[in-house]
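S.K.: I have a structure I would like to understand better, so I am pasting it below and will then ask my questions one at a time.
The values are calculated or read from the model by the stated rules, or taken from the named source; none is laboratory data. Just so we're clear, the structure is a prediction, and the values are computed from it rather than from any experiment. Note that each Cβ is placed from the backbone with ideal geometry, even for glycine, and that neighbours are counted across all protein chains shown. Each accessible area value is taken on the protein alone, full model and side chains, heavy atoms only, with ligands, DNA and RNA left out. Shrake-Rupley method; radii C 1.70, N 1.55, O 1.52, S 1.80 Å.
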Amino acid sequence: MCGISGEIAFGDRPASLAAVQVMNDALAPRGPDAEGVVARGRVAFGHRRLSIIDLSARAEQPMADPDLGLTIVFNGCIYNFKALRNDLEGLGYRFFSDGDTEVVLKAWHAWGAAAPERFHGMFAFAILERESGRVILARDRLGIKPLYYAETAQGLRFASTLPALLAAGGVDTAIDPVALDYYMSFHAVVPPPHTILAGVRKLAPATVRVIEADGRARDHAYWTLSFERTPEEEAASAGYWRERLDERLRAAVARRMVADVPVGVLLSGGVDSSLIVGLLAGAGQRGLATFSIGFEAAHGEAGDEFRYSDLVAERFGTDHHKLFIESRRLLDALPDTIAAMSEPMVSYDNVGFHLLSREVARHVKVVQSGQGADEVFGGYHWYPPLAGSSVPVADYARAFMDRDHARYLEHVADRYAGPDHARALIEESFARPGATDPVDRALRLDTTVMLVDDPVKRVDNMTMAAGLEARVPFLDHELVELAARIPSRHKLAGGGKGILKDVARRVIPAEVIDRPKGYFPVPALKYLDGPFLALARDALGARAARERGLFRGRYLDALFSDPQGHLTPLRGSELWQVALLELWLQKHGV
C-alpha cells in the first residue's frame, strides 16, 4: 500500500534528510496520496502513502508515538489488525488512529521480536526506538512486500525498491557475479540477500533485523515452512483435506477484503483467479469489479484467454473490464515496465501486468490476484516426475534451470566465471530437514524462493508502479502451512493441483477447470522479431553493453542468427533474457 525509505548513519554524523527525500520522490508511484519525511538525529525515515485503511490524516506516516518513544514507516496490510488492536487495548494501549500502522507500532512495543508472528498479512517496516537507538527492519513470511538495503560509507540506507536506492547515489553498481549466475541459470530468480548489483542487498522473507546504535546487526527468522506431517495426516483421505482446504481458502479470500476502499480481482480466466471470484461471490460480494488482459496472437500462439474470463464474469455477474493490447503498444510500454522493475525480471507478463495495473488503477485501489497457487499446490509440470525420482536434484535442475553450469560458462565473460551457485542452492535446499518427499522439497524451494523473487515480486512491482495494491490469498501463511501438510499425492492428482481443483469444482464452472494449463501469454516477446528484435539488438550493441561485456560475442552472434531457436527448458527466449538484463541496467543508469 506504500513505499518506505530511510537512512541510518553510523558515528556522529546525522542522517541525510536530502538522501531520504530523493528516495521518497523515487517511490512516488507506490504512494500517490501523501508523503512524509522525518529525521531523528542519526536516523531519517521517508514514506509514500496509498490510502487503503483509515483514509484520514491520523494514519499518515512516518508515524510517531512520543509516549512509547517509537517511530515507524510501514508498507503492506495487516488483515487481523482489528483483533490485534483489541488485544493491545486489553493490555492498556490507547490508539489515536483507526488503521493497521499504529497496531504494528504498538505490537512491537508490547511483544518485541515476537510481534510479526501475530501478523496475518503482507508487510515490510522499519521502527526506530528512541531510548535504545535501535532500528528494526522486518519483512513478511513469504516476501510479498520488498525491502532493499545498501551499505554506504556513511551507514545504511533502505527502500521499498532498488531504483530508489540508486537515486540517492553512493551505491556500488558493479555486477554481482553470484547474482548473475542465478539470473542466467535459475530462471532469473536471484534469492536474498543478493541482487544483480554488488552494493544492494534485500532482506530475506520472515526476517527481523535489529540494528544497534553502533551499527552491529543481528537477524532473527521468525517463521519456517515445514512439510512434516503426522502419520494420521499422511493417511487422511482426500475428502478430509478438501474440507479443511475449503474452509481455509474461504478465510484467506475474505480476510483480503479488509479495506476502506473497494477491492477488485485480476481475473485471468485460470482456475486460481476464477476461484477467488467464485468464493467472493459466494460470500455475498455483488458488483465485484474484475479485470482481464489479452494480447495479439503470434506464431500461432494465442495471446488471450478471454473465453474463460468472460465465462466466469458472466456466471458471477461481475463488473467486468477487458483490456486488449496490440503488439505496438507493448513496445511503447516496455520502457516504463522496465523502469518499474526493482530487479531485472525476464517473465514476459511483466509488461502485461504493468499495462493492466494502469487500467485497473483507474477503477479501484486494491485487487486480489491468484499468484502462488501453482507453487503451493503443485501446478507445474516438473512436480509429477519428481514423485518417483531417485535423483530429485538432477531432475528438478533439468526441468527448471535455464542452462547448466557448463553452458553458463560458455555464455558469460571469463571474469564472471565461478562456482555453480544455482545448482548448490537446489542441493542445499533439498538437503534441509523438514521435507523428505522429493515433491515436497521442490514445493518448499519454489514457495519460499522462486515464488518470492519471480511471480510475487513481479506483481508487487507492476501494480505498485500504478498506485495499485495487490493481495494474494493463496499466500495466506495459514493456507500455505495447511497445503504443506497435505500429502503430495493429493496435490499431484489430476495432472497437478488436484486437491485445489476438487475444491474449485464446488464453486466455478467445470470448463475453467478441465482445460489445458494456461499462462499469461505475451507471444510477441517470446518470438522476438521486427521491432522487438531491433530493441534487443540495440540494447546489446549499445556502448554501455559493449563496455560492460557480460556475454561472449560468439554467444550473442548465435542468438541473433536464430532468435526463435534458442529457448530455455521452460520455453523462455534466451535472447530476451540477456537483452532484458542490459535494458534494465541501461534504463537505471548502471
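S.K.: Pick out, in residue order, every one of the trypsin sites (Lys or Arg not before Pro) in the range 323-410 that is DSSP loop and has at most 16 other C-beta atoms within 10 Å; say none if there are none.
M.R.: Sites meeting the loop and neighbour criteria: Arg362.
S.K.: Also, I was wondering about something else. Under the rule that an exposed site lies in a DSSP loop and has at most 15 other Cβ atoms within 10 Å, name the longest stretch of the chain with no GluC sites (Glu not before Pro) of that kind, not counting the sites themselves.
M.R.: Segment 327-590 is the longest.
S.K.: How big is the antiparallel share of DSSP beta bridges in the chain, given as a percent to the nearest 5?
M.R.: Values: 55 of 71 bridges.
If we restrict to bridges inside the chain, about 75 percent are antiparallel.
S.K.: For the range 19-33 and the range 176-254, what is the separation of their C-alpha centers, rounded to whole Å?
M.R.: 27
S.K.: Another question, if that's okay. Could you give the size of the charge dipole of the chain about its Cα centre, using +1 on the Cβ of each K and R and -1 on the Cβ of each D and E, expressed in debye and rounded to the nearest 20?
M.R.: That gives a dipole near 280 debye.
S.K.: Per residue, how much accessible area does the chain have with a 1.4 Å probe, in Å²?
M.R.: Value for the chain: 36 Å² per residue.
S.K.: Going by the alpha-carbon gyration tensor, a ≥ b ≥ c the square roots of its eigenvalues, is the range 4-162 rounded (a/c under 1.5) or, if a/c is not under 1.5, prolate (a/b greater than b/c) versus oblate?
M.R.: prolate
S.K.: Given a Förster distance of 56 angstrom, what is the FRET efficiency for Glu314 paired with Glu228, based on the Cβ-Cβ distance and rounded to 0.05?
M.R.: Using R0 = 56 Å, I get an efficiency of 0.80.
S.K.: If you filter the range 91-187 for trypsin sites (Lys or Arg not before Pro), then keep DSSP loop positions with at most 10 other Cβ within 10 Å, what is left? Intermediate values should be presented prior to the final figure.
M.R.: Details: sites: Arg94, Lys106, Arg118, Arg130, Arg134, Arg139, Arg141, Arg157; in loops: Arg94, Arg130, Arg134, Arg141.
For trypsin sites (Lys or Arg not before Pro) across the range 91-187 that sit outside H, G, I, E and B with at most 10 neighbouring Cβ atoms in 10 Å, the list reads Arg94.
S.K.: Ok, one more. For His220 paired with Ala283, estimate the spin-label separation in nm (one decimal), with each label point 7 Å from Cα along the Cα-to-Cβ line.
M.R.: Here the modelled spin labels are 3.1 nm apart.
S.K.: In terms of the Cα gyration tensor, with a ≥ b ≥ c the square roots of its eigenvalues, is the range 347-480 rounded because a/c is under 1.5, prolate because a/b exceeds b/c, or oblate?
M.R.: Cα axes put the range 347-480 in the oblate bin.
S.K.: Ignoring ligands, DNA and RNA, what percent of the accessible area of the chain is carbon or sulfur (1.4 Å)?
M.R.: 50
S.K.: Distance from the Cα centre of the range 302-332 to that of the range 407-441, in angstrom?
M.R.: First find each Cα centre; the distance between them is then 38 Å.
S.K.: Right, next: Can you give the FRET efficiency for Ala198 and Arg571, using 1/(1 + (r/R0)^6), R0 = 25 Å, r = Cβ-Cβ distance, to the nearest 0.05?
M.R.: Numbers: r = 31 Å, r/R0 = 1.25.
Between Ala198 and Arg571 the formula returns 0.20.
S.K.: Take the alpha carbon gyration tensor of the chain, find the square roots of its eigenvalues, order them as a ≥ b ≥ c, and report rounded if a/c is under 1.5; if not, report prolate when a/b exceeds b/c, else oblate. Display every interim value, and only then the final one.
M.R.: Values: a/c = 1.39, a/b = 1.09, b/c = 1.27.
Rounded shape, in that the Cα axes give a/c under 1.5.
S.K.: Among the listed pairs Lys497/Lys526; Lys457/Lys491; Lys491/Lys587; Lys106/Lys322; Lys82/Lys365; Lys106/Lys587, which are separated by more than 32 Å between their Cα atoms?
M.R.: Lys491/Lys587; Lys106/Lys322; Lys106/Lys587
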